[in-house]
Amino acid sequence: MSGPAFQTAGTGFFPRDSLDFSAGRISEETPPTTGKGPSEQSTEPDELPGLYIHIPFCLRKCAYCGFYSITDLSLIPAYRSALRREMALYRGWAASFDTLYIGGGTPSVLPEEDLEGLIADIRTAFTIAAGAEITVEANPADITEGLLASLRRSGVNRLNIGVQSFDDDSLALLGRRHTALQAIGAIQQVRDTGFVNIGLDLIYGLPSSPAGGANGDMMPHRVPICTEADRNFATWLATLDTAIGLDPDHLSCYQLTLEEKTPLAKRCRLGELILPGESRQADFFLRTAQILEESGYRHYEVSNFARPGRESRHNRKYWSHVPYLGLGPAAHSFSGRERRWNRSSVDAYIGDLESGREPVESREILNDEQLRLEALFLGFRTRRGICLETFKIRYGRDLLADKRDMIVRLSGEGLLEIRDGFLRPTRAGMAVADSLALI
Amino acid sequence: MDSIRNFSIIAHIDHGKSTLADRLIQYTGIVEDRDFQDQILDNMDIERERGITIKSQVVSLPYCAKDGRSYTLNLIDTPGHVDFTYEVSRSLASCEGVLLVIDAAQGVQAQTLANLYLAMEHDLAIIPVINKIDLPSADVERVIEQIDSELGLDPDTHLKCSAKAGIGIEEVLEAIVARIPPPKGDPAAPLAALIFDAKYDSFRGTVIHCRIFDGTVKAGDIIRLVYNNATHRVEEVGHFLLQRQKLESLSAGDVGYIIAGVKTVSDVRTGDTITLENRPCPKPLPGFKEVKPVVFASIYPIASDDYTDLADSLDKFKLNDASFVYEKDSSAALGQGFRCGFLGLLHLDIVQERLEREYDLSIILSVPSVRYRFTLKDGTVLFVDNPTHYPEPMSIIKSEEPYIRAAMMLPERYLGAVMKLCMEKRGVNSTLNYPSPGRAELVYEVPLAEVIFDFYDRFKSVTQGYGSFDYDLIDYRESSLALLDILVNGEKVDALSQIVHRERARARGLQACERLKEEIPRQMFKIAIQGVIGGEIISRTTISAFRKDVIAKCYGGDISRKRKLLEKQKKGKKRMKMIGNVSIPQSAFLAVLKSDTE
Ligand SMILES: Nc1nc2c(ncn2[C@@H]2O[C@H](COP(=O)(O)OP(=O)(O)OP(=O)(O)O)[C@@H](O)[C@H]2O)c(=O)[nH]1
Ligand code: SF4
Ligand SMILES: [Mg+2]
């Protein structure tokens, strides 16, 4: 048997006949050789699934955050035992995983022994393949020698640090609980401990006060050079510059998305702050990509940049329909055709597991058309793009034949290119990936 | 037959016909209170949503009158809007009388008169019914005065009621029995039945709505449709009690339906006569006047594979809308379609919506046009209602456009605003009357093309809903015309072309570009829109490309949500027409005509 044993919980089926995932493994750098027929391709090994653990705790809520996370740390013990129960429920879900991602929330707020214990629980319940990528997300303010030592003991080999900005005003606006200096210190400390694979999260496109006024007055040391928007851009370039100087292996640069009901969204709604316009956002995006690529980072996904070979293996599974198991409140799992997600309330999550129920909020079985649409919008997010041959086999559509006119047109506009059998977005194309998916 | 009364309720729009029908229905108790809803005869979704009647509707009411006898009252509720006058005139052919409803507050309006004339043409008994007497603004005395002076009816014959409050309903029922004559006809004579409407039912085939003038028809009979001599065996006959209700037979004087397994939709034509194969009637009944469409537009399926579906649906739709006419047409930009004629813009709007809803079609309508007349150098006279067929400009020696006489009734205080509007619309030869103090009747001669576009909406808004408007086609008048084409990214979209008055060409071109700019969503590339007359670009605008739409984060937990959003967008996009890689929404084609004053 060529693939992992998918013993999907609930509606347990994995429709191999209608959707052949075994054909999809094509390495990024080497497009498929044209001589290879589908039958030969399908003998290539499947990619192993990924495992995601959601830690729903934060010390305090950031001003922009729409995630479900809670600040009541007293629930940690109950959460951990619920998580152990959930692991037991899905013990046979896959033979092994080659990535483990512990995200949140803020995993680094867990006490060292809890984090270490949790990883030990995972290793008891599941097989984590040798050489697996094991990532933990951390807040710069939580990084201590003790934490780092415990992570190393647990086999964590990738640290993703939520820096967001190297500008203290921006950090204050975002409601982060660390300063720029703290972040720089933390990163150095991580390096010194011997972590080689370090990723930083940054946010750009922050809102600023309308037309220069208020912000300028409150911060007399800063004379508005041109407009508030220009200053905003300059601040971001400085953050980017600092980040590059720290030489991380991986950078995620997210354009701020205003989430409903967050304090930041409210301030924008009231007109206290305004977001940069779409054209400005596009400038941020393109300029960021250009600067990072010039500094040796590959722009491999809309918001992700990496030194060659340092792309997040775990996240890439999300973009190519590789199965993943997500545990913890609000975590999503995908098993080839079914996606399901857990209750997001920590209480409900714990309650369900204590009464022996799956903590599942809802699930959906994707039809061919839905899978196809996902493959398109996820594929167009990545620089690798969409392998036309694989797409035909997996999703039953010949994109080139169906959409030739549009593809030619968009290539002419510099948004798409066809190279080595891949239909890939250019940098400008990535910025409109969602629309590309609807061609 | 003495116990049958066939009558229609006619009135100006919104004067309360359907509400009065409700009360009559309730009074006779054929519907349980818990099953009742207001304007129960307006059973199409589109009628309920818009609060107007579009289709005439028959219902047979059992009524026990004060004389102690039982009657069958065949009531036909009709639409009030001028675009559906054809529905009214067909209904009247089945009746011996009408209730002419007049709103006590609004008094006599344009369609009150127009419908009265129709009833007179059919020689029907007329009962004026003053409705809405419960309104504080009701002025019954004034309406009685108008019945005399404006309608020329005996003012003593009026009834007063409030359909909403249920006042005066019994009097209305008694008047129907007493004052509308029973149908004439001979049940023993050869069958002569008039088809006044029909509806396609996917299980039973065509359901024919008819009035029997002579003879009798029952299940098992072989009927003949006089128009094409097609014969069918009758499966069922019956009448309408909100639903179809089977009967043993229908005979002279009855209004009901015949189901005869007619699957060939084109066999059935409204206005045709049904008779019996083995005992035909000597001559067919007089049918209906032919409809004269005034607005024309082409219909195309959004997906070209849907063409046969569309063709099939139009056939079936036509059964239920006798005023709708169409023929094959094709467009360079939109492919195979149909050129259709409508009685007005509301009619056009309703047809489009009904086709989409009832037949699950996604369609595009080209820019509506009136019918122009051209005289060419070689003497040929050409009628053109489709800009695609605009003659070679060098060959034209005379171009003419249809004019109407627009009759408007309005409170005097809006006179200034309405006159300004009429002048803007190239109106000429105005006359002004004061039928009663404070109320003005303004008549203008206006090019029809100016009126069909946004005149009606603007008229309503400048008169704040207090004006009424009616029109007659008068003649064709010479006019300087030009063909305005629209290019989208350099490609001519023929469905957006319009024939325009030369003096207004530039303004129209600009307006079309601006409207399209509002209607066409920004896309991944820049879109240039140009208005062109005879090769010369007279207006242009650009829709800039959007540069960023991608969501920043898309990991395991974000994918389903994002997909759902895209699915929604995709659905929206399916309702747009791709022309040269540009998605043009349905609404763009009609929006081109809207002026910027809205
Ligand atoms: N106050 C009052 N309102 C009424 C009366 N009769 C009808 N209405 C209201 O007038 C409006 C129009 O009534 P309809 O019965 O739909 O009018 P209609 O003549 O059938 O309209 P169309 O079919 O569109 O021509 C509705 O809001 C009714 O509730 C009445 O006697 N008194
Ligand atoms: S942004 Fe991260 S750290 Fe801040 S509240 Fe949200 S989950 Fe917690
Ligand atoms: Mg009505």
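Here the condition is being more than 10 Å from chain A (Cβ to nearest Cβ) and in contact with a strand residue (DSSP E or B) (Cβ under 8 Å, 6 or more places away or on another chain); of B:SER583, B:SER560, B:SER497, it holds for B:SER497 alone.
Against the conditions (1) in a strand (DSSP E or B); (2) surrounded by fewer than 21 Cβ atoms within 10 Å (Cβ to Cβ), B:GLY220 satisfies every one except (1).
Take the conditions modelled with pLDDT of 95 or more and crowded, with 19+ Cβ neighbours inside 10 Å and apply them to A:GLU228. Does it pass? Judged against the criteria, A:GLU228 is not a match. Residues of the range B:120-149 being assigned to a strand (DSSP E or B) and either within 16 Å of ligand 3 (Cβ to nearest atom) or hydrophobic (A, V, I, L, M, F, W, C) (or both), which ones? Residues satisfying the conditions are B:ALA125, B:ILE126, B:ILE127, B:VAL129, B:ILE130, B:ASN131.
How about the range A:330-436: which strands (runs of 3 or more DSSP E) wholly inside it have at least 2 residues that are crowded, with 18+ Cβ neighbours inside 10 Å and more than 8 Å from every other protein chain (Cβ to nearest Cβ)?
A:338-342, A:422-425
For the range B:19-78, the set of residues classified as of a type in the set (Asp, Glu) and within 13 Å of ligand 3 (Cβ to nearest atom) consists of B:ASP22, B:ASP38, B:ASP42, B:GLU47, B:ASP77, listed by residue number.
What's the total number of residues in the range B:535-557 that are facing chain A (nearest Cβ under 10 Å) and either within 19 Å of A:LEU415 (Cβ to Cβ) or in contact with a helix residue (DSSP H, G or I) (Cβ under 6 Å, 6 or more places away or on another chain) (or both)?
Kept after step one, since they are facing chain A (nearest Cβ under 10 Å), are these residues of the range B:535-557: B:544-557.
Those still in the list that are either within 19 Å of A:LEU415 (Cβ to Cβ) or in contact with a helix residue (DSSP H, G or I) (Cβ under 6 Å, 6 or more places away or on another chain) (or both) too: B:544-552, B:554-556.
Going through the range B:535-557 one residue at a time, the tally reaches 12.
Within the range A:274-293, the set of residues being of a type in the set (Ser, Thr, Tyr) and either closer than 12 Å to A:PHE305 by Cβ or away from chain B (no Cβ under 12 Å) (or both) comprises just one member, A:THR288. The strands (runs of 3 or more DSSP E) found entirely in the range B:1-117 that carry 2 or more residues being of a type in the set (A, V, I, L, M), surrounded by fewer than 24 Cβ atoms within 10 Å (Cβ to Cβ) and more than 12 Å from ligand 1 (Cβ to nearest atom) are B:57-64. Among residues that are of a type in the set (Lys, Arg) and either surrounded by 13 or more Cβ atoms within 10 Å (Cβ to Cβ) or modelled with pLDDT under 90 (or both), B:ARG413 is not included.
Being among the aromatic types (Phe, Trp, Tyr), in contact with a Lys or Arg (Cβ under 9 Å, 6 or more places away or on another chain) and over 27 Å from B:VAL488 (Cβ atoms) is true of B:PHE317.
Inspection of the range A:255-262 identifies at least one residue that is within 13 Å of chain B (Cβ to nearest Cβ) and part of a strand (DSSP E or B). Evaluated against (1) more than 30 Å from B:PHE455 (Cα to Cα); (2) open to solvent by less than 60 Å² (accessible area, probe 1.4 Å); (3) not basic (Lys, Arg), B:ASP321 falls short on exactly one condition, (1). Note on the range B:497-533: among residues that are of a type in the set (Lys, Arg) and part of a helix (DSSP H, G or I), the one that is surrounded by the fewest Cβ atoms within 10 Å (Cβ to Cβ) is B:ARG502.
Residue-by-condition table, conditions (1) in contact with a Pro (Cβ under 6 Å, 6 or more places away or on another chain); (2) modelled with pLDDT of 95 or more; (3) open to solvent by less than 60 Å² (accessible area, probe 1.4 Å):
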{"site": "A:HIS221", "(1), (2), (3)": "no, no, no"}
{"site": "A:ALA234", "(1), (2), (3)": "no, no, yes"}
{"site": "A:LEU251", "(1), (2), (3)": "no, yes, yes"}
{"site": "A:LEU273", "(1), (2), (3)": "yes, no, yes"}
{"site": "A:GLN281", "(1), (2), (3)": "no, no, yes"}
{"site": "A:PHE284", "(1), (2), (3)": "no, no, yes"}
{"site": "A:SER295", "(1), (2), (3)": "no, yes, yes"}
{"site": "A:SER303", "(1), (2), (3)": "no, yes, yes"}
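The values are calculated or read from the model by the stated rules, or taken from the named source; none is laboratory data. Only a predicted model underlies this, so the values are computations on that prediction, with no experimental measurement involved. Every residue, glycine as well, gets a Cβ built from its backbone with ideal geometry; the counts of neighbours run over all protein chains shown. Ligands, DNA and RNA are excluded from the accessible area calculation, which covers all protein heavy atoms including side chains. Shrake-Rupley method; radii C 1.70, N 1.55, O 1.52, S 1.80 Å.
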